[in-house]
1. What accessible area, summed over both chains, is buried at the B-C interface (1.4 Å probe, Å², nearest 100)?
2. Exposed loop sites here are GluC sites (Glu not before Pro) in DSSP loop states with at most 13 other C-beta atoms within 10 Å. What is the longest stretch of chain A lacking them?
3. Given a 1.4 Å probe, show me the residues in segment A:53-72 buried by at least 30 Å² of accessible surface when comparing the whole protein assembly to the chain alone.
4. Pairs A:K87/C:K207; C:K262/C:K300; B:K9/C:K19; A:K23/B:K75; C:K224/C:K366: which are spaced more than 26 Å apart, C-alpha to C-alpha?
5. Could you give each residue of segment A:116-133 its phi-based ³J(HN,Hα) in whole Hz, using Karplus coefficients 6.51, -1.76, 1.60 with θ = phi - 60°, and x for Gly or Pro?
6. Which one of C:G588, C:H555, C:F534 has its Cα pushed farthest toward the positive end of the charge dipole of segment C:462-609, where Lys and Arg give +1 and Asp and Glu give -1 at the Cβ?
7. Please list, in chain and number order, the residues 5+ apart from B:D102 or on another chain whose amide H is under 5 Å from its amide H, with Hs placed from the backbone.
8. Size of the dipole of segment A:22-148 about the Cα centre, Lys and Arg at +1 and Asp and Glu at -1 on the beta carbon, nothing else charged, in debye to 20?
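The values are calculated or read from the model by the stated rules, or taken from the named source; none is laboratory data. Just so you know, these numbers come straight off a predicted model, no measurement behind them. When we count neighbours, we look across all protein chains shown, and the Cβ atoms used for this are built from the backbone with ideal geometry, even at glycine. Heads up: the accessible areas ignore ligands, DNA and RNA and are worked out on the full protein's heavy atoms, side chains in. Shrake-Rupley method; radii C 1.70, N 1.55, O 1.52, S 1.80 Å.
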Amino acid sequence: MSATATHDEHHHDEHHDPGFVRKYIFSTDHKMIGLQYGITAGAFLLFGFFLMIAMRWSIAFPHEPLPGWIAMFFPEGWEARWLQDGKLTGDAYNMFGAMHGTIMVFLGVVPLGFGAFGNYVTPLQIGAPDMAFPKLNMMSYWIYLAGGLIMCGSFFMESGAAKSGWTNYSPLAGIADGQIVNQWLAGQTQWLIGLVLLITSSLLGSVNFITTIINLRARGLTWMRMPFFVWAMLVTGFLLLLAFPPLEAAGIMQLMDRVAGSSFFMPTGLYTQAEGLLEISGGGSPLLYQHLFWFLGHPEVYVLLLPAIACVAEIIPANTRKPLWGYKAMVYGVLVLGFLSFIVWAHHMYMTGMGPVVSTFFQITTVLISIPSVILLTSLIISLWQGSIRFTPAMIWACAFLPMFGIGGLTGLPLAFNLVGLHLHDTYYVIGHFHYVVAPGILFGLFAGVYHWFPKITGRFMSRTLSHLHFWPSLICMNMIFFPMLTQGMAGFHRRWYNGGDSYLAVDPDSANVFGQTVAEHIDLNIVMSYGAWLMALAQIPFLVNLVWSKFFGRKVGSDNPWNATTLEWATPTPPGHGNFTTDPVVYRGPYEYSRPDHDEDFLPQWIEAPRPADKPEESPAAH
Amino acid sequence: MADSPEEIKKSIRLYLIIGGALFVGTVLTVMVATIPWMDIGGHGFDVWDMILGLLIATTKATLVALIFMHLNHEKVWVYWLFGMGLFFGAAMVALIFLAKGDPIHYDGFSTGGQPSAVISE
Amino acid sequence: MEIPYVVNPRKDTGLFNSKIAIWLFLASEVMLFGGLFSGYVFLRIGADYPWPERTLPVLPGLINTFILIASSVTVVFAWASLKMRNWRNFQIFMGATVLCALVFMGFKAVEYGVKFKHQAVRMVDFTMVEGHASYLKEKKDGTDHGDADHGEGDYVLDLDGDKIAINQHVFAVESASFNLNRYYKPWLEELLAHAEHDGATITLAEKMDFNAPGEEKPELVFAKGEVLSLDLLEAIADAYKDNAVRNATARKKYLRAAWEIKWADVEENDLLGEAAFAAAYPKGFELEADERKLAYTRWKAGMRAKMAQDVSIDSVKLGNGDSVEVLIDGVTYASRELPAPNSASFQSDKPIVVRHKGRNVITDYKPDNTSIALRDGTALTGTYKPSPVDFHEVDGIDFQHLAMDAEKKNLDPEIAIENSWLVKENPVVADLWTLHRQAVGQLEEILAKKNRVPTEKDRYRMGWQEIAYYMDAIEAHREQGGEGLPTIELADNANAPPKVKMGLKEHFMGPNYEARSFPHIAIPRAEILLESKFTPKWNSYYAIYFTITGLHGLHVVGGAIVLGYYLFFGRRMYLTNPEWLANRVEVGGLFWHFVDLVWIFAFPIFYLM
């Protein structure tokens, strides 16, 4: 920023030819990094989804070999090692289960929501030329990729990938893969290394995001004029920044347990079938790991959720042509949500023998946190009221997000209570609950985001027909998969049965084994759910086709602001060039000024100067 | 913020004094831990030694944070950002210990009121 | 395109970008070290063994604290010099800072190094013995060290030319069976090297033939008596894996075919239909419609589970009771199965002595154990040699855990100690213990005057200074021709059991073994519960100590690299944009102060508490 001479030329000439590698691979441009995040996360999501498809076969048909259309994806040697007669072994199932969870949460949804959407949209919405630290941003992506590859690469090691659940509880995780001599090459250790890298990546990312939002807002973009999306990203950044380090500490300690033989989480007198009394000092605390894990684990839920709800909060006003209802309430709601999410974590641990005082504390905070969640959801629903709704592809997904996330949230309420939690702990009810939040909830929100911003990214619309072909089967299949889980869970189905409960089944219909009878009554739901999952996979094909086809042959956008939206990202050229804005953007009003009675058009963008002198920019009519 | 060269010149002395105070504090910590007549509480290490040791450490840490890290005249944003780390860090530690110190007491069914087992974790 | 507020602060926040970023980063660092320190407290409070309090020599930690504080001062001065545009002073102060970091890491390395060399043993009765593990010395047969002598003489070197510490498991291997999936190559290489050294030959115990029935590929036949080599075992493993893959593929196909037969039968005869239900479960028709539906669901689920038992790779039992063979191309699976044993057995013409660290050996030690399992699935047969842990110098005897255990069992700790293996079997330890009890008795009286009592550590732990003191006392007493044991007299103001004075070098490097005398004890393997160096493995105190100080050390190194970069590559920026450099140094300095802050807490917690 020393020489003014370069100031004139830098806008258009300098950045046009950075070379292929600098532009597409080692790019420091937040938009390219966002796309890299998006594509990588998408690939990981597909991989995690595939693992689940194989698992669902084992659950539905535990005695039959995997069919060709699943088994064809396994390399032959791998199949011989981990499958028995073409069926998933318990070990392989555990591996798939652990990695499905890990991939979906850490490698899929968070990078998609925070990494991709956050990176692409946030600087545009606050009128910044880029993130505050572009190189850090690039590093963050590459560390994420390395972490992900290290985790997934362990599938091909002698030990196989991590197999102690995505929560990786010690001491189970501490002794798993004990047969491996060089512990650095055990899947369980690789998981930890990958995790430490992922945490590092998201720390860099969150520092970058928060700094950008605090310091790089455009002129006139005061806090209460920020789009809700940016608020959500700010809170997400803080959650990542402060919740992840304790897990990094736990990860480092568990890594020490594995490679240095320490006993941070290994209790005294640990005995395994394979090794007898373990040669460790003991004296560690398995519970400490759970505390540190869930200290991250719960805020992580909101790290998943907030980007999705942020997308929806942008899409609904733009497509109902009216301001976001209760903008201020939503902003304060999301701040309270972020705050409370740090002090609810032990509701994951009711089974660990916490006393009544602490249980009560965490029950209260857990129930409290539903208040801001309900504020967010209700505001979004009320925003629909009396709107002239355009059912664009993005909008149908956003509309589906509302009830689906609602089911996810409401099914969580019983789990907040200790008494019910004890019964439902580790059952399919829990699985059903959080999948309703994450899959038809969060993923739908993110799909909506893809359809919404695709025209800005590529300059073309996505196909409407294909998007409906994607939406309706997805909506039906999602419910087909996850609703029966709630039923099964209440019947007592454990979440980690690799054969879907087959070994607990009472074969005789008159058997006195009550649990066995209950299992027999509900086990057929496994087949329904599995077909749901497989059809769900088919339903994603139109989406992938749509992405590629529309990129090249989609209908071209007529203007830079195809949805007639009001926030700053639509003020950029399409697609935005390096540096984003052609002129320094100035913000004159709140983010959602649709259908103002004093304005001719039904939207008044943030960057347009006041149409009349009487219109004071300080007013924020969004919060009426 | 002491940003102008003149102000910085003035604070050089302060930095030296604080440095000295840190040295003294360190020596003091070692003394209370090793010299018999300075051993408060019972003989050997006990909770009072811990409190005193941590008190001195906290004082030293506060000096470093306030003077060396300029927190005594920093922008309000910095207080918020760093304060959040301190607050949630403290909340985490406190709640973990609360959970640790609140075990389920199982008083048994047939031992005539005598505890038969106490589950502490 | 330029990012704003890189050098100059934004007006409304008053901050430039990197300053916000560093404070955010420090906030996350607070959480990271918060997690680790809460781990420390959690482990300490929850410890089910006596926490080793005040166990490290204070001096190195103290010096390191001084160094870090000094560097904190110099880094502020470096920043101030830049602000006043004094490049020369900046260089001096920043140089001093980086130098401090290097010295700090140097002391750290010395501290770590001493611990990594210090042996410790936890015995089955929870006695802890610490000291210096001795090295194997030359004996006539050159192999056995069950009763290694400790006179003068050359050390036995292992095949890498290193001295062999007497703390390993020793086997005389007569035969070995390798797990073909996961045998660990370095161990195999070691075994082969030992065999070569001992002039032994290891050969395949039995012929292995990986040919399919009726095939005769010579490269798949391994004759009995072939000499073990890396290549041979690899060839066998490859042949095994090949066959295993082909078998697995065939098994999958056969099982699929079997299920096809079964499902065809089920569909044809409607074995899961209502009619079949009615036939199998006539009672069902007396039930209400809802109940019957439920009973049908249960019955169907049960039937499907039962069906699985009818289906196997070889044959399928149909609904009518007939059994059908599963054929593909008219061949059963059994007749095309390839041989795929997953281990290969070798034998040696004479016993080969190999050594393994404790972690590698899964089998527990028993003198008559003849089969030993290693971690990589290798099964050894031969002799489990006595494998004691031999302390040339015992410089720590700790009965705290033993006493705690005894108290838990309502036993008198003193009697339990008298009965411990260490006191009973080692007269020299018995002498030391007698003197120590004498000293503790006096200490108790002295402290009682001040209403105080000795700590558990005073009572039950003899550190190296105490041991050296007692050894000296005994020696002096014997030299003067005294019978029995000397009497220990504590000074009136004594505050601890008697100790020898620590030399300056001993503060850093531990006891001077040459100048002082310590008992020599070999602890039989059967008495050992856990054996370790002073590493994270030894107990959770060392685990958390190494983790926090190690992570802190990484921060020191990282900080020093960044500050060093400003020092050595900052000149150009200083000339073009000194304010920017000052900002960078300020931000780097903030990180450096934080590193100092962590140490301010780590020092008292680990060294003084």
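1. Chains B and C together bury approximately 4800 Å².
2. Numbers: sites that count: A:E601, A:E609, A:E618, A:E619.
Within chain A, the longest run free of exposed GluC sites (Glu not before Pro) spans A:1-600.
3. The answer is A:H63, A:E64, A:P65 - residues whose exposure falls by at least 30 Å² when every protein chain is included.
4. A:K87/C:K207; A:K23/B:K75; C:K224/C:K366
5. 7, 5, x, 5, 6, 8, 3, x, 5, 6, 9, x, 9, x, 5, 5, 5, 10
6. C:G588
7. A:G355
8. 440 debye
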